[in-house]
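Trainee: Shown below is the structure under consideration.
The values are calculated or read from the model by the stated rules, or taken from the named source; none is laboratory data. Just so it is clear, the structure is predicted and the values come from calculations on it, not from any experiment. So basically every Cβ, Gly included, is an ideal-geometry build from the backbone, and we count neighbours across all protein chains shown.
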Amino acid sequence: MKEITLGRYYPGTSIIHKMDPRAKFFISLALMIVLFFLNKPLPFLIYGAIMFFTVLSTKIPFKQIFLSLKPILFIVLFAFVLNLFSFQGTVIWAIGPFKLTQEGLFAGTKMAVRLSLLIITSSVFLTLTTTPLSVADAMESIMKPLQKIGFPAHEISMMMSIALRFVPNLMEETDKIMKAQSSRGAEYDTGGMIARAKGLVSVLVPLFVSCFRRAEELATAMEARCYHGAQGRTKLHVMKMGRTDYIAVATSFAILVVIVIFEII
Amino acid sequence: MEKFIELNEVTFDYKINGLETLTAVNCVSMSICKSSHVAILGRNGSGKSTLARLINGLEVPTSGTVTVDGIPLINELNAWEIRKKCGIVFQNPDNQIIGTTVEEDVAFGPENLGMPREKMIVEIDKALRFVGLQDKKKTAPHLLSGGQKQKLAIAGVLAMNPDCCILDEATSMLDPTSRKELMKLVSTLVKDQKMTVINITHHMEEAIQADYVYIMSQGSIVRQGHPREVFDEISLLKSEGLDVPVHIEITQAIADLVLVPRISKAAFTQTEACAEINRICETAYQDKTFDFEKSASESQSSNTSEITSKNDSSNRKPILTVENLSYTYSRETVFASDALIGIDFEIYPGELFGIVGQAGSGKSTLVQHFNGLLRPQTGKVMVMGYDTSQKQSIRAIRKKAGLLFQYPEHQLFEETVYQDIAFGPKCLGLNDKEIAESVEQAIEIVGLHPSILEKSPFELSGGQKRRVAIAGIVAMKPEILILDEPAAGLDPAGREEILDFMKQLCAKGTTVVLVSHNMDDIARLADRILVLKKGKKIICDTPMEVFKSREQVAICGLSLPMTTEFMLEMKQKYPLLDLFNYNPDSCAKAIIQAFHKKKKLENEKVGC
């Protein structure tokens with residue numbers, strides 16, 4: 001139970017690992033928009049090649065990248081199949097009312113590739129190379145201007161990082177409660193739907209009670225250590241945009257502008 | 001001495017359900033000097049923790065005044081200033097860590113104070129070095145051990161540069177080794193860093209190190225003074241549900257037996273107690289207040305009968321057999337770690353079987369094999385003739401072997417106590433009448449009043465909740481009852497009650513397996529003890545064999561029971577002392593006998 005890590009952060013020391021999380025956030029934003037403007041096979045190939053070399057530079061095994069695609073595999077397939085049959089044009093193959101067209105095949109492939117690249121981009125720049133906490137920090141920093149209009153940027157970020165901190169504890173606790181109730185004869189892997197749902201009550205109630213207790217104790221502990229919101233607070237980790245960060249962000253936005261201009265023309 | 005904390009007739013009430021008021025702290029006055037070490041003792045619910053929160057400014061008194069370093073506690077703003085001066089370490093290691101890494105957690109306090117970053121880095125470094133966690137800066141807190149987590153909490157307080165550190169039962173969830181380490185840290189805090197330390201605790205061994213002790217009961221201070229004075233009052237300590245230092249208790253027992261009064265406050269340390277006992281025995285011998293000859297012959301006859309009744313397990317059939325059991329967590333991954341390696345032993349019916357070992361020695365992994373929560377990866381576990389690796393026998397095994405984890409009250413979930421206790425019997429498929437019967441019996445066994453049955457388990461006190469949880473297993477009428485630290489976190493009186501009922505169950509024929517860190521309890525209660533170290537069996541034998549020498553205990557990675565610790569010292573005076581007695585009364589008798597034997601030898605020599 002101890003080795004669970006949240007997200008799929010893959011430790012490393014590459015340039016991308018070391019980048020400011022805010023820079024990474026903006027780069028992936030720009031690149032994602034770029035993806036939606038790409039239409040022809042060649043640009044997709046170039047984009048894919050760029051991503052290929054980026055992954056190489058981070059020294060993350062490609063297996064990890066494919067693992068990050070796994071959860072959305074179904075969506076990718078669904079989009080692909082949906083596109084296959086929903087275009088008019090040269091029919092390649094037909095079954096009843098369903099007509100597979102050349103245009104459909106092209107559109108479907110495009111959609112599948114686009115979605116996959118989208119996930120790869122965000123994994124490479126955010127989930128795999130940035131700790132969840134840095135993401136939370138970046139969010140706070142980016143949303144900071146909104147604080148003036150009463151947006152609780154600091155609080156949201158604090159909530160995110162505390163949630164991250166307690167995930168391993170809660171998983172351990174769930175395991176322990178299930179084992180304890182099993183010792184009392186509860187069976188979670190047998191019986192029908194209703195029996196199982198009832199069984200869950202014996203896990204969820206103690207888990208919620210424990211969450212509330214933890215929340216209360218944690219709040220007291222925070223207060224005892226002089227926590228009083230964002231006001232007058234300094235930070236141990238100060239995010240600093242370096243030259244590489246600025247150049248990388250500028251480059252990706254330049255690419256975005258160029259692509260947009262080309263596609264519009 | 002400069003006064004640092006002053007409480008003047010402080011009362012604190014809180015409201016339950018917005019109507020009833022409950023007085024947690026009642027008219028308490030105390031003054032604590034700078035860089036002193038103060039201990040506050042008392043039962044669970046005596047108001048100790050509320051007092052800590054008042055000193056730290058987490059609560060504002062209903063009446064009376066709290067002054068810390070000249071600052072009176074009046075409102076929130078003030079409280080903030082006081083919190084800066086008084087850090088606090090709480091009981092549960094997990095619920096006070098905020099950061100996602102060690103370093104970030106220590107930074108939390110300084111960040112809140114608005115400390116400049118450069119200074120913060122220096123302070124964090126200093127604090128982590130002090131507690132010995134400087135190599136773990138980037139580690140995630142859930143990967144630390146319980147003891148390390150509490151050290152982290154202390155570092156988090158130190159980094160804020162306070163003048164005072166309050167420990168609110170900070171060691172109560174730790175094993176003895178970590179507890180000792182933490183207390184060592186605390187004493188350096190007082191001696192080298194000139195910090196004021198207020199330690200709120202159940203542990204008499206900790207309080208004895210303090211300069212001054214307060215005993216609280218029902219919100220008031222009932223006794224205060226130097227530990228030498230306070231720990232001398234055996235009847236007061238017992239009536240407050242506290243532990244009495246073993247050597248003082250033995251001294252008193254001897255004094256009572258031989259009818260020579262002991263000199264008060266003369267048995268504070270072990271060495272002093274030895275001298276005092278010697279004085280008492282000598283006086284009794286000279287004044288002839290006690291017939292040593294007669295008592296020697298009496299005890300000899302009773303001793304032999306006891307021994308024969310205990311050692312007849314040899315030709316009985318074992319109720320639980322573990323053969324060559326090994327278990328590895330996260331097998332076939334990079335995280336693989338061996339929890340158990342080639343364990344063999346047997347447990348016999350009606351035994352009280354103890355399992356001891358340091359934190360992380362594999363005790364809970366082993367225990368989870370006893371009712372099939374874990375199935376053996378290699379080797380075999382047989383429970384009453386059932387093989388735990390067979391899926392179809394799991395149900396039968398769970399019916400016969402009841403397993404209770406640490407802090408079992410955390411698994412209560414039903415609306416009423418009755419329903420919660422009935423959960424197990426219901427799962428076993430008993431009918432309503434049988435369920436009602438077993439619930440009633442279980443309640444009686446754990447010593448709860450039937451009126452509690454219709455209450456919600458969540459409105460009970462900690463000790464009551466614990467007993468309801470135990471009743472939940474007892475109601476299933478297991479033939480083997482496995483308890484993992486059943487008394488953890490309870491005060492001494494609560495612990496005694498739980499252990500008592502366990503002894504009764506065992507006397508009625510239930511086989512009891514007890515996992516515990518408390519060597520005195522284990523030595524006193526267990527018939528045989530299994531010692532684990534890093535997943536391996538070191539020894540499985542009677543308490544006498546396990547605790548026979550300091551060397552042996554060191555090999556096991558354990559500490560000696562406090563009684564044995566004292567008896568060893570006493571043996572230097574009386575070489576013929578029988579060490580293997582684990583409760584104060586039998587120790588007292590053994591010492592009197594040893595004294596008598598020594599006298600007899602001396603007389604013979606003179607006679608020659």
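Trainee: Check whether at least one residue in region A:180-192 is surrounded by fewer than 17 Cβ atoms within 10 Å (Cβ to Cβ), more than 18 Å from the chain's Cα centre (by Cα) and in a helix (DSSP H, G or I), and report yes or no.
Mentor: Within region A:180-192 (the criterion being surrounded by fewer than 17 Cβ atoms within 10 Å (Cβ to Cβ), more than 18 Å from the chain's Cα centre (by Cα) and in a helix (DSSP H, G or I)), the answer is no, since none of the residues qualifies.
Trainee: Would you point out which residue out of B:Val190, B:Val157, B:Val122 is hydrophobic (A, V, I, L, M, F, W, C), free of Cβ contacts under 8 Å to residues at least 12 places away in the same chain and outside the structural domain of B:Arg495 (by TED's automatic domain parsing)?
Mentor: Of B:Val190, B:Val157, B:Val122, the one residue that is hydrophobic (A, V, I, L, M, F, W, C), free of Cβ contacts under 8 Å to residues at least 12 places away in the same chain and outside the structural domain of B:Arg495 (by TED's automatic domain parsing) is B:Val122.
Trainee: Of (1) on the phi > 0 side of the Ramachandran plot; (2) under 24 Å from the mean Cα position of the chain (by Cα); (3) crowded, with 18+ Cβ neighbours inside 10 Å, B:Arg466 satisfies all except one. Which?
Mentor: It fails just one condition, (1).
Trainee: Since B:Lys399 meets every condition but one in (1) without any contact (Cβ under 8 Å) to a residue 60 or more places away in the chain; (2) over 28 Å from the mean Cα position of the chain (by Cα), which condition does it not meet?
Mentor: Evaluating B:Lys399 over (1) without any contact (Cβ under 8 Å) to a residue 60 or more places away in the chain; (2) over 28 Å from the mean Cα position of the chain (by Cα) leaves (1) as the failure.
Trainee: Looking at (1) within 11 Å of another protein chain (Cβ to nearest Cβ); (2) exposed (fewer than 14 other Cβ atoms within 10 Å of the Cβ), can you tell me which one A:Pro168 breaks?
Mentor: All conditions are met except number (2).
Residue by residue, here is whether (1) loosely packed, with under 15 Cβ neighbours inside 10 Å; (2) at positive phi; (3) in contact with a Cys (Cβ under 7 Å, 6 or more places away or on another chain) holds:
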{"residue": "B:Phe4", "(1), (2), (3)": "no, no, yes"}
{"residue": "B:Thr11", "(1), (2), (3)": "no, no, yes"}
{"residue": "B:Tyr14", "(1), (2), (3)": "yes, no, no"}
{"residue": "B:Thr21", "(1), (2), (3)": "yes, no, no"}
{"residue": "B:Met30", "(1), (2), (3)": "no, no, no"}
{"residue": "B:Val38", "(1), (2), (3)": "no, no, no"}
{"residue": "B:Leu41", "(1), (2), (3)": "no, no, no"}
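Trainee: Let me ask something additional. Among what's in region A:206-251 and is more than 11 Å from chain B (Cβ to nearest Cβ) and in a loop (DSSP other than H, G, I, E, B), pick the residue that is nearest to A:Ala23 (Cα to Cα).
Mentor: A:Met241
Trainee: Select the helices (runs of 4 or more DSSP H) contained entirely in region A:1-94, then report the ones holding at least 3 residues which are within 15 Å of A:Ser123 (Cα to Cα) and among the hydroxyl-bearing types (Ser, Thr, Tyr).
Mentor: A:41-58
Trainee: Moving on to the next point. For the subset of region A:118-136 comprising residues that are under 9 Å from the mean Cα position of the chain (by Cα) and among the small types (Gly, Ala, Ser), which member is surrounded by the fewest Cβ atoms within 10 Å (Cβ to Cβ)?
Mentor: The selected residue is A:Ser122.
Trainee: What tally of residues in region B:147-161 results from selecting those that are within 10 Å of chain A (Cβ to nearest Cβ), under 18 Å from B:Val68 (Cα atoms) and not in a helix (DSSP H, G or I)?
Mentor: 1
Trainee: Would you point out the residue of region B:43-63, among those that are farther than 25 Å from B:Ala487 by Cα and in contact with a helix residue (DSSP H, G or I) (Cβ under 9 Å, 6 or more places away or on another chain), that is surrounded by the fewest Cβ atoms within 10 Å (Cβ to Cβ)? Reasoning before the result, please.
Mentor: Filtering region B:43-63 down to residues farther than 25 Å from B:Ala487 by Cα leaves B:53-63.
Okay, now just the ones that are also in contact with a helix residue (DSSP H, G or I) (Cβ under 9 Å, 6 or more places away or on another chain), so B:53, B:55-61.
Values: B:Arg53: 21, B:Ile55: 25, B:Asn56: 26, B:Gly57: 27, B:Leu58: 18, B:Glu59: 19, B:Val60: 15, B:Pro61: 20.
Ranking the qualifying residues of region B:43-63, first place goes to B:Val60.
Trainee: Continuing with the same structure: If you take the residues in region B:487-521 that are buried (at least 24 other Cβ atoms within 10 Å of the Cβ) and in contact with a Ser or Thr (Cβ under 8 Å, 6 or more places away or on another chain), which one is modelled with the highest pLDDT?
Mentor: B:Val515
Trainee: Right, another one. Sort out which residues of region A:89-116 are more than 35 Å from the chain's Cα centre (by Cα) and either of a type outside the set (A, V, I, L, M, F, W, C) or not assigned by TED's automatic domain parsing to the domain that holds A:Leu31 (or both), and write them in order of number.
Mentor: First, the residues of region A:89-116 that are more than 35 Å from the chain's Cα centre (by Cα): A:89-99.
Of everything in region A:89-116, those that are more than 35 Å from the chain's Cα centre (by Cα) and either of a type outside the set (A, V, I, L, M, F, W, C) or not assigned by TED's automatic domain parsing to the domain that holds A:Leu31 (or both) turn out to be A:Gly89, A:Thr90, A:Gly96, A:Pro97, A:Lys99.
Trainee: Kindly evaluate B:Gly350 against the criterion of being assigned by TED's automatic domain parsing to the domain that holds B:Phe405 and either crowded, with 20+ Cβ neighbours inside 10 Å or of a type in the set (A, V, I, L, M, F, W, C) (or both). Outline the logic, then answer.
Mentor: Values: assigned by TED's automatic domain parsing to the domain that holds B:Phe405: yes; either crowded, with 20+ Cβ neighbours inside 10 Å or of a type in the set (A, V, I, L, M, F, W, C) (or both): no.
No: the conditions fail for B:Gly350.
Trainee: Just to check your reading of the model, which residue among B:Ile452, B:Ile443, B:Ile421 is over 26 Å from B:Leu366 (Cβ atoms), under 27 Å from the mean Cα position of the chain (by Cα) and within 12 Å of chain A (Cβ to nearest Cβ)?
Mentor: Just one listed residue meets the conditions, B:Ile421.
Trainee: Do you know which of the residues in region B:424-439 that are more than 7 Å from every other protein chain (Cβ to nearest Cβ) and either outside any helix (DSSP H, G or I) or hydroxyl-bearing (Ser, Thr, Tyr) (or both) is surrounded by the most Cβ atoms within 10 Å (Cβ to Cβ)? Steps first, answer last, please.
Mentor: At the first step, the residues of region B:424-439 found to be more than 7 Å from every other protein chain (Cβ to nearest Cβ) are B:425-426, B:429-439.
Then drop every residue that is not either outside any helix (DSSP H, G or I) or hydroxyl-bearing (Ser, Thr, Tyr) (or both), which leaves B:429-431, B:438.
Working: B:Gly429: 11, B:Leu430: 18, B:Asn431: 10, B:Ser438: 21.
Checked region B:424-439; the qualifying residue surrounded by the most Cβ atoms within 10 Å (Cβ to Cβ) is B:Ser438.
Trainee: Look through B:Ile394, B:Ile341, B:Ile355 and report the one residue that is at pLDDT 95 or above and assigned by TED's automatic domain parsing to the domain that holds B:Leu514.
Mentor: B:Ile355
Trainee: Need a quick list: strands (runs of 3 or more DSSP E) entirely within region B:329-399 having at least 2 residues that are within 14 Å of chain A (Cβ to nearest Cβ).
Mentor: B:337-347
Trainee: Let me confirm something: among B:Val66, B:Val89, which residue is out of contact with any His (no Cβ under 7 Å at 6 or more places or on another chain), closer than 20 Å to B:Gln224 by Cβ, surrounded by 16 or more Cβ atoms within 10 Å (Cβ to Cβ) and touching a residue at least 60 places away in the same chain (Cβ under 8 Å)?
Mentor: On inspection, the qualifying residue turns out to be B:Val66.
Trainee: Sticking with this structure for a sec: Facing chain A (nearest Cβ under 10 Å) and touching a Leu at 6+ places or on another chain (Cβ under 8 Å), is that true of B:Leu412?
Mentor: Judged against the criteria, B:Leu412 is not a match.
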